[in-house]
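The next block holds one structure in the form of structure tokens; read it before the comments.
The values are calculated or read from the model by the stated rules, or taken from the named source; none is laboratory data. From a predicted model like this one, the values you see are computed outputs, not experimental measurements. Please note: Cβ atoms are built from the backbone with ideal geometry, for glycine as well, and neighbour counts cover all protein chains shown. Remember, those area values only see protein heavy atoms, side chains included, never the ligands or the DNA or RNA. Shrake-Rupley method; radii C 1.70, N 1.55, O 1.52, S 1.80 Å.
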Amino acid sequence: MSTRFTPRIEEILSYYRGQNPGSLTNLARLLTHGRLGGTGRLVILPVDQGFEHGPARSFAPNPPSYDPRYHVQLAIDAGCNAYAAPLGFIEAIAADYAGQIPLILKLNNHDVLQDEKDPLGARSGSVQDALRLGCSAIGYTIYPGTADRRLQYTEFADLCAEAKSVGLAVVLWAYPRGGGLSKEGETGLDVTAYSAQIAAQLGAHIIKVKLPSAHLEQAAAAKIYESTSIPRDTLTERVSHVIQSAFNGRRIVIFSGGALNTDRDALLDEARAIYAGGGFGSIMGRNVFQRPRDEALALLNDVMSILEGK
Amino acid sequence: MSTRFTPRIEEILSYYRGQNPGSLTNLARLLTHGRLGGTGRLVILPVDQGFEHGPARSFAPNPPSYDPRYHVQLAIDAGCNAYAAPLGFIEAIAADYAGQIPLILKLNNHDVLQDEKDPLGARSGSVQDALRLGCSAIGYTIYPGTADRRLQYTEFADLCAEAKSVGLAVVLWAYPRGGGLSKEGETGLDVTAYSAQIAAQLGAHIIKVKLPSAHLEQAAAAKIYESTSIPRDTLTERVSHVIQSAFNGRRIVIFSGGALNTDRDALLDEARAIYAGGGFGSIMGRNVFQRPRDEALALLNDVMSILEGK
Amino acid sequence: MSTRFTPRIEEILSYYRGQNPGSLTNLARLLTHGRLGGTGRLVILPVDQGFEHGPARSFAPNPPSYDPRYHVQLAIDAGCNAYAAPLGFIEAIAADYAGQIPLILKLNNHDVLQDEKDPLGARSGSVQDALRLGCSAIGYTIYPGTADRRLQYTEFADLCAEAKSVGLAVVLWAYPRGGGLSKEGETGLDVTAYSAQIAAQLGAHIIKVKLPSAHLEQAAAAKIYESTSIPRDTLTERVSHVIQSAFNGRRIVIFSGGALNTDRDALLDEARAIYAGGGFGSIMGRNVFQRPRDEALALLNDVMSILEGK
Amino acid sequence: MSTRFTPRIEEILSYYRGQNPGSLTNLARLLTHGRLGGTGRLVILPVDQGFEHGPARSFAPNPPSYDPRYHVQLAIDAGCNAYAAPLGFIEAIAADYAGQIPLILKLNNHDVLQDEKDPLGARSGSVQDALRLGCSAIGYTIYPGTADRRLQYTEFADLCAEAKSVGLAVVLWAYPRGGGLSKEGETGLDVTAYSAQIAAQLGAHIIKVKLPSAHLEQAAAAKIYESTSIPRDTLTERVSHVIQSAFNGRRIVIFSGGALNTDRDALLDEARAIYAGGGFGSIMGRNVFQRPRDEALALLNDVMSILEGK
Amino acid sequence: MSTRFTPRIEEILSYYRGQNPGSLTNLARLLTHGRLGGTGRLVILPVDQGFEHGPARSFAPNPPSYDPRYHVQLAIDAGCNAYAAPLGFIEAIAADYAGQIPLILKLNNHDVLQDEKDPLGARSGSVQDALRLGCSAIGYTIYPGTADRRLQYTEFADLCAEAKSVGLAVVLWAYPRGGGLSKEGETGLDVTAYSAQIAAQLGAHIIKVKLPSAHLEQAAAAKIYESTSIPRDTLTERVSHVIQSAFNGRRIVIFSGGALNTDRDALLDEARAIYAGGGFGSIMGRNVFQRPRDEALALLNDVMSILEGK
């Protein structure tokens, strides 16, 4: 038997044994592309903020980023593992950049044109779109905690099964939201770990969560965290707990950077915690594309160095 | 005609006469696998608490249980009849454990990230998933008493019919919930028996309910229980009434153990009541996998001895 | 042309001219089976109370009736035209009793685990289930007057069309319910006649309503009943008006017996009124199976004698 | 090229150029059948009141009308262009009257068993039903102004497209209803004209509205009616405006008679206004079938004479 | 390689590289038809006001416009690039005007017969309708900001994908509406730019928005507009920002004229701003067809001259 991949990649792929060879192939593409290819770590550039927050809030700080070509080129030049975006941004570049970097088509999106206690995104693309555009994976966002989350879970379940049946990889963003959670609770450690578990149980290949705070939101969970003394003082410990919560490290979990405009040193500290805690990588959007291109490339370079263990 | 099975298994299978041979085959697999195989009794290990309660509340008391392989290995080593879990946990082990133990794919799940008076689970898998993963059965949970239960009943009806048409067995969890029931009423004898009846009428092959208390919830029912003097003082009597309520013993009904952290002696007493009352077995989750592995194996060993009539 | 059937059966079948021969065949089976076969009258045994009211309220008064075989055997021994039940009860006997009596699969059901002002049943089976189980007809219940009745009417319309396309007969239970009706109004003559009309317009072959009281519920209707002097003092007159309201006698309308525990003489009086008013028969559930078997057989014997005109 | 039809029929058919020949054929059948055949005017007998208002309110004033055969025979004897009814009434006569008069299957219906501010009908039949029953057209009712009218518009859009694809004609009843309209507004000229326009834009071949009053309901519309001096004092003027509002006379618009129990002279005056205003005809239900048959035939005779221009 | 088109058309088509040749063909038809053909600018005549506002408010100011032929003839005579209308208006002219001008079938519509805080249109046609009627494109309207906008986004996503798969072009009207927006906010610059971004991300080929005011609606956006000094004092600057917000000029964005009854000089000033700001053109409805035909032709002539850069 040939051994094309590094031992770490072989190990990660072994977690997904039983999946279609097509999905394994696309997972391998994501894991072996770019500067971190083969390390088992990933840095993905996602750009859906134009839809999620509006164009000016997203792109005005760095006007070249209004152009859809800007982002995919940045992802390529920085050596990212993949580039993720909604249908419009992917369609705008898929032909010209065909084959240059793995693409992830975000299949649902949400805008902020109305305040909502229990938001729900809108499906805005399809698995068929991902195939025709040459993507390696679909992406989807769930809001664990929102009132009608069952609609999202079921929609995702169906898209996930369809994607797997045609050999795509599946990336799931899990962002706790909704009437039952406090603002602080949305990034609380218990809620973040719970969301990672839900995402894993829903069958996602790759899970994206936010970096968790030490806050505990749910009384029933807090009791266990206290009684079993789960360490949560450092970000590294919290990353480690989230990784544990997603099948004990047997699912790829990546973390989004901190809040917008987090300063560079803080971002690098976060990357160090992701690395040390066993996180599989980082998915950085606004903190990258809102910086001038040179600064963005430098930041991504440093993040990748950290994730390479240097 | 060959007689491969024990008389009790032949009898149980006769209750399902007219079903597809494929479904009978998978029912036979569940009934003949493991240490209790052939006795007509079952012990099933279900692990959906990661989704239902969160990972820390489920696995932190026994950290090896964060790993999806832990549970299926435990089920195999204990000699359980089957292992039941949501999509993620099954996908994580299906290839490596193919053919070692009958698998039950839970097709819907519910989290507790928002308090809900009338909860509804989310369909998170499909009959097609069960087939591709080599499962013997699908599982589904209804909440008799929740406001929109008709959505669940109809979704189950369709999944059940589809599963039967492709030769799978069908397991239905019936957990009374919802705005019309008091907390005590959720395990009341009348409500438990009613839920078992609903599950049987919906066409489930195997029905899972909680062990009932002597409480009677509904006035109209209580009147009959009193006037017809249905015995309900002992747990054995109550198990017996639930079995009677599910087609007079002609449907397989299994019972979940008591509340979390029930002590070992209490659990064994419950097993004795299940046995004596004619229950078909036990489905034990948290009370098993949250114990250290040795204790869990010992507990399951003792439960199985009781169910063997020893 | 051969004349296999009695003139009355030929006449009744002529009301359905233009329907598929398959549906006519199954209608003929219902009309020619059992002791009343050929008279144009029917007595059907329906047993869905386990689902609708719970097992103890239904079966505890006569414990052998917990067993699904009890009912179909009772229907056969009494010489009923057909036996109707939900999926679980039919599946439990279909193979063993194949071909012994026409079966009607009730395709939707409702439980009483939550009080509801505007109830809606759940579809719990399919036309395909009816076919695979060898049934002659599907059954369905509408609640004319419930807020979302349009969901029921449309679901029934689709099931009815599908059943007709595969040659089944279609039985529709019309039980007025919902926020716009008083308790008394649910069995008022105007509302009962209106429900029979709706059922006929929806395309049902056989319509089941409750025996109406002399109460008039809706002011606009009451005005007409008064101005046109529709007789309604006796039950016979009221039966006659309901028959008239269902296409002037050109649709089969059968009536359920009175309230639970109606005494035997009252039940026989009701049968006399059904006969005299031109009703097509009786559908008796609880008043039959909650009696000891001998009493039940005797009661059905007497009802059938009345419907034979003896 | 052969000229089978009168110039007026040729002209009307030219308005539908581009439609499937099947639909044109059925439109031609409606326009050329009966006493008014070839004049470009129509009188249609619709009988859905049994469902919409209940049997006693509909048929008790003229008891023979409880029989479904009564109506189609009346329509034939009077020389109507077509007969329209819900599924039950059509199924009850389709075989015996096959080919004797064009049939219109009403595909949705609504009962009055609950008061509703924003009513919605229920789809109670299908295009496939219309085909198997030999109908020339489907009928559907929208309630412009009801809160969820978009559900109706979209359901109609799909049924309309399906009907056209199989060569049926499409008749749309447009009855303004709902929380945003006053009782008076439901027949106001602006609202009636608006409803006719909506029906035409939705693609209906034939549009049925009520005769409008001079009332103007919507302030924004009233301003234009005043500023552009749209004549609306006489019924003729109002009919003319509605015809103009439905593609300037290039869609067939027919009008229902006045309120129930309108006296004969008033009905004939209405027919004169329809004729003079360029209306395509009249659709008369209760005012016809609630009269004794002789009176009904006489009334229809007189209406048709008026619509013939005599 | 042949170069059939002008360099500007080649450039615009290059933005859509990767789309089906069928869709590119129809985009090219829209861009090369009429007087502005080849300039990269478009003027489209849309007439859906009969449905959206009612016939009198739309057509009474210029009565010949009640006739569906009026509009398509006007669009042809004025040299417009395309004519857009709902199903009824397109069906009424598609056969007689086949091939004379590109047609856009509006697939959803909304009436104003009930005041709604959070409106939703109704799908009133299909992609299949567009094909059978010889259209070059489908049109659809979203209301960014309305509560259930996710239903619209997903419906559009599916129609858009279907249209692309059969080689049609896709035009998306983005009209901010709903409970979260003030009246002024519906045309605010931030909200307009956001809507254009959403439309682009949803995959529309051509986007239609209203001309924006200088108002900023959302606090989070306003902060960025201020901090990054986005120019917005002149209409030209605002048009330019919207174009930038739709993929930096790489999606065709056209603008509707100002409010109804805007005077001629103001309309021409708006056209100048569209031209100067890099807008792709203008979509003018009421301001055209409510003028007498000669005035309308003169106005369109002047607008086109401006968009030609004369």
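Each part reduced to its alpha carbon centroid, the range E:56-71 and the range E:89-144 end up 18 Å apart. Summing Lys and Arg as +1 and Asp and Glu as -1 over all other residues whose Cβ lies under 9 Å from the Cβ of B:F51 gives a net charge of -2.
A viscosity of 0.692 mPa s and a temperature of 37 °C, combined with the Kirkwood radius over C-alpha pairs in the Stokes-Einstein formula, give chain B a diffusion coefficient of 170 µm²/s.
Each residue, A:K117 and A:T228, gets one label point 7 Å from its Cα in the Cβ direction; the gap between the two is 3.3 nm.
Simple spin-label estimate for D:A219 and A:E184 gives 4.9 nm between the two label positions (7 Å along the Cα-to-Cβ direction from each Cα).
In percent, rounded to a whole number, the relative contact order of chain E is 17, using alpha-carbon pairs under 8 Å and six or more apart.
All other residues whose Cβ lies under 9 angstrom from that of C:A85 are scored, Lys and Arg at +1 and Asp and Glu at -1, for a net of 0. Accessible surface computed residue by residue for the range D:249-310, with neighbouring protein chains in place and a 1.4 Å probe, gives 36 Å² per residue. Could you estimate the translational diffusion coefficient of the range A:180-310 from the Stokes-Einstein equation, with Rh from the Kirkwood formula over C-alpha pairs, at 20 °C and 1.002 mPa s, in whole µm²/s? D, rounded to a whole number, is 142 µm²/s.
By its C-alpha gyration tensor, with a ≥ b ≥ c as the square roots of the eigenvalues, how is the range C:209-266 shaped: rounded for a/c under 1.5, else prolate for a/b larger than b/c, else oblate? The partial results should precede the final answer.
Numbers: a/c = 2.21, a/b = 1.42, b/c = 1.55.
Since a/c reaches 1.5 but b/c is at least a/b, the shape of the range C:209-266 is classed as oblate.
Calculated on C-alpha atoms, the gyration radius of the range E:137-241 divided by its Kirkwood radius gives an Rg/Rh of 1.01. Each stretch of four or more DSSP H residues adds -39500 (n - 2.57); spread over every residue of chain B, this sum gives -12500 deg cm²/dmol at 222 nm.
Past the 52 angstrom mark, what percentage of all C-alpha to C-alpha distances in the protein assembly as shown do you count? Counting pairs separated by more than 52 Å, the tail of P(r) holds 39 percent.
When only Cα pairs below 8 angstrom with a gap of at least 6 residues are kept, the range C:1-136 shows a relative contact order of 22 percent. In this simple spin-label approximation, A:N301 and D:R4 carry label points 7 Å from Cα along the Cα→Cβ vector, and these lie 8.2 nm apart. Projecting the Cα positions of A:I76, A:G40, A:G125 onto the charge dipole of the range A:1-144 (unit charges on Cβ atoms of Lys, Arg, Asp and Glu, taken about the Cα centre) puts A:G40 furthest along the positive direction. Computed with a 1.4 Å probe over protein heavy atoms only, the accessible surface of the range A:1-89 comes to 33 Å² per residue.
When the Gaussian network model of chain E links Cα atoms closer than 10 Å, the mean-square fluctuations of E:I142, E:I101, E:I224 top out at E:I224.
Heavy atoms only, probe 1.4 Å: what % of the accessible area of the protein assembly as shown goes to carbon and sulfur, would you let me know? Its accessible area is 48 percent carbon and sulfur atoms. Kirkwood analysis of the Cα pair distances in the range A:165-211 returns a hydrodynamic radius of 11.3 Å.
Here r is the Cβ-Cβ distance between D:Q128 and A:Q100 and R0 is 56 Å; the resulting FRET efficiency, rounded to 0.05, is 0.65. Across the range C:124-209, C-alpha contacts under 8 Å between residues 6 or more apart give a mean separation that, scaled by the residue count, equals a relative contact order of 32 percent. Shortest first, C:G22 label-point distances to identical copies amount to 2.2, 2.2, 3.5, 3.5 nm, with the label point at 7 Å from Cα along Cα→Cβ. Looking at the range E:109-192, the trypsin sites (Lys or Arg not before Pro) that sit in a DSSP loop and have at most 13 other Cβ atoms within 10 Å of their own Cβ are E:K117, E:K183.
A:I230 sits among other residues whose Cβ lies under 10 Å from its own Cβ, and their net charge, with Lys and Arg +1 and Asp and Glu -1, is -1.
Global dimensions of the range E:1-101 from alpha-carbon coordinates: Rg and Dmax equal 15.9, 53 Å.
Mind checking C:223-232 for the average number of partner chain beta-carbons within 10 Å of each residue's beta-carbon?
Per residue, the number of nearby Cβ atoms from other chains is 3 on average.
Label-to-label distances for B:E295 across copies, nearest first, come out at 5.5, 5.5, 8.9, 8.9 nm, using points 7 Å from Cα in the beta-carbon direction.
Ranked from shortest, the separations from the 7 Å Cα-to-Cβ label point of D:E116 to its equivalents in the other copies are 1.6, 1.7, 2.7, 2.7 nm. Take the Cα of B:D158, go 7 Å toward its beta carbon, and the backbone nitrogen atoms of the range B:126-144 under 13 Å from that spot belong to B:126-127. Interface residues of the range A:176-198, defined as a loss of at least 40 Å² in heavy-atom accessible area between the chain alone and the complex of all protein chains with a 1.4 Å probe, are A:Y194, A:Q197.
Buried accessible surface for the C/B pair, both sides summed and rounded to the nearest 100, is 3300 Å² with a 1.4 Å probe.
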